[in-house]
Amino acid sequence: MPDRVFAFRYLQVSDRQRDGRCLRSISETQRKKLASAKLIELPEAVLPITLGQFIESYFATVDSKRSTKTFYSHTRKRLVEFFAPATPISSITPTQARECPALRV
């Protein structure tokens, strides 16, 4: 607890901010200061999930009829043809999704 109090004072955080939301709301610069003072650990860099990883994990858990699996396999193939499997999901824009033949309704 003394480390947290010091951390808040070190960052000049007000009493009002000292609840559980404080560490989530501080800037990246402040996080780096705390990490350099060894008061917190910075999380490891999280790589964005790719379309290929998402598709593999999603279809591994799908339990459906044979006809549905056939339909899904066509959709899967068209998704991978349109977007590269290494494409981060977060980089796919709504416009790109609308243009993808596999996602047209």
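The residues in segment 39-63 that are open to solvent by 100 Å² or more (accessible area, probe 1.4 Å), closer than 12 Å to A86 by Cβ and of a type in the set (S, T, Y) can be counted, and the count is 0.
Pick out the one residue from P48, P85 that is at pLDDT 90 or above, of a type outside the set (V, I, T) and either touching a strand residue (DSSP E or B) at 6+ places or on another chain (Cβ under 9 Å) or assigned to a loop (DSSP other than H, G, I, E, B) (or both). Don't jump to the end; show me each part of the working.
Details: P48 fails: at pLDDT 90 or above.
Answer to the selection: P85.
The values are calculated or read from the model by the stated rules, or taken from the named source; none is laboratory data. Since the structure is predicted, the reported quantities are computational estimates derived from the model, not experimental observations. Heads up, the Cβs are rebuilt from the backbone with ideal geometry, glycines too, and the neighbour counts pull from every protein chain shown. Please note that ligands, DNA and RNA were not included when accessible areas were found on the heavy atoms of the full protein model with its side chains. Shrake-Rupley method; radii C 1.70, N 1.55, O 1.52, S 1.80 Å.
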